[in-house]
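Undergrad: Below is a structure I'd like to ask you about.
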Amino acid sequence: MNQIFDWVFAQYQDIPTFLIILEMIGVVFGFLSVWYAKRENILVFPTGIINTGIFVYILWVYGLLGDMLINAYYFSMSIIGWYIWTRKVDTNHFIPITKTNSQEKKWSIFLFISAVVFVSLVYTLFDKFNSWTAYVDTLTTAIFFVGMWLMAKKKLENWTYWIIGNVITVPLYLYKGLIFTSLQYFLFTIIAIYGYMAWKKNLNKSPLTLLK
């Protein structure tokens, strides 16, 4: 056990203390955001805004441009999602969880391809395609772009994208030395699985409250 702890903290040996603290705070709010999303709770968005704001800075420091951009995108989509979720279908009920229609599926494909192209251009511009992590980062960025868009629109399929992206991201952050963030995404994967099952049970049901 001591060897495991020694290995974990060795990854942070040359990292400034304030960055370690920021990462841990970001992880906590990220965990809360996903937990609230599973519960269909509106607090998913304010906690997500704090989480993404912190990680925009951290990822810029680490040079993970793709994930930095997606966190900036999360930040803006959290504001949009906050607005969409609070819309009502009548005087007492908020918008329900629904499945994507054919048009939204086409938009998902378009958004995925656009994200891959955009992030690839950014990496090329800054000459960052110098490691396999850059290519993986580009892929996960595109996956998460679609997932966040579907989350904001309250679509069941958002969880499928989160699960796939999280599974890929866990070893990426582990390799980069962001141990706590890697653990966060591992927990995200578990919550996302339960989130999918919980949302499926509430499919097409208009909630009376957004604080659960």
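Undergrad: Listing TRP85, TRP132, TRP107 from the residue with the fewest other Cβ atoms within 10 Å to the one with the most, what is the order?
TA: Taking fewest neighbouring Cβ atoms as first place, the list is TRP132, TRP107, TRP85.
Undergrad: Add -39500 (n - 2.57) for each DSSP H run of 4 or more in the chain, then divide by its residues: what number comes out at 222 nm, to the nearest 500 deg cm²/dmol?
TA: About -25500 deg cm²/dmol.
Undergrad: Using a ≥ b ≥ c from the Cα gyration tensor of the stretch 133-210 (square roots of the eigenvalues), is it rounded, prolate or oblate, where a/c under 1.5 gives rounded and otherwise the larger of a/b and b/c decides, a/b for prolate?
TA: Judged from the Cα gyration tensor, the stretch 133-210 comes out prolate (a/c at least 1.5, a/b above b/c).
Undergrad: Another question, if that's okay. With a sphere of radius 15 Å drawn around the Cβ of ILE54, what net charge do the other residues whose Cβ falls strictly inside it have (Lys, Arg +1; Asp, Glu -1)?
TA: That sum, taken over residues with Cβ under 15 Å, equals -2.
Undergrad: So which residue, out of MET148, MET197, MET68, gets the largest mean-square fluctuation from a GNM of the chain using Cα contacts under 10 Å as springs?
TA: Sorting by GNM fluctuation, first place goes to MET197.
Undergrad: Counting Lys and Arg as +1 and Asp and Glu as -1, each charge on the Cβ, what is the dipole of the chain about the Cα centre in debye, to the nearest 20?
TA: My answer is approximately 1080 debye.
Undergrad: Determine, for TYR57, TYR36, the number of other Cβ atoms within 10 Å of each Cβ, and report the residues in order from fewest to most.
TA: Fewest-to-most ranking of TYR57, TYR36: TYR57, TYR36.
Undergrad: A further question on this structure: Limiting things to C-alpha atoms, what are the Rg and the maximum Cα-Cα separation (Dmax) for the stretch 40-89, in angstroms?
TA: 12.3, 44
Undergrad: Using only Cα atoms, find the angle between the long axis of helix 179-201 and the longest principal axis of the chain, and express it within 0 to 90 degrees, rounded to the nearest 10.
TA: The helix 179-201 is inclined about 20 degrees to the chain.
Undergrad: What's the angle, to the nearest 10 degrees (0 to 90), between helix 102-125's Cα axis and the longest principal axis of the chain?
TA: Compared with the principal axis, the helix lies near 20 degrees.
Undergrad: If I stretch the segment between GLN13 and LEU125 completely, what's the gain in nm (0.36 nm per residue apart, minus their alpha carbon distance), one decimal?
TA: That works out to 37.2 nm of additional length.
Undergrad: Which of GLY147, THR189, LEU203 sits farthest toward the positive end of the charge dipole of the stretch 136-212, with +1 on the Cβ of Lys and Arg and -1 on the Cβ of Asp and Glu?
TA: LEU203
Undergrad: Where the only charges are on Cβ atoms (+1 Lys, Arg; -1 Asp, Glu), what is the dipole of the stretch 21-91 about its Cα centre, to the nearest 20 debye?
TA: 200 debye
Undergrad: Let me ask something else. May I ask which residue of PHE94, LEU69, THR47 lies farthest towards the positive end of the charge dipole of the stretch 36-105, with charges of +1 (Lys, Arg) and -1 (Asp, Glu) on Cβ and the Cα centre as origin?
TA: Of the listed residues, the answer is PHE94.
Undergrad: Run the count for the stretch 103-212, please: Lys pairs, Cα-Cα under 23 angstrom, 8 or more apart or on different chains.
TA: So the count of such lysine pairs works out to 25.
FYI, it's all coordinate maths here, none of it is from the lab. Note that the structure is a prediction, hence the values are computed from the model and not measured. Here Cβ is always computed from backbone atoms with ideal geometry, including for glycine, and neighbour counts include all displayed protein chains.
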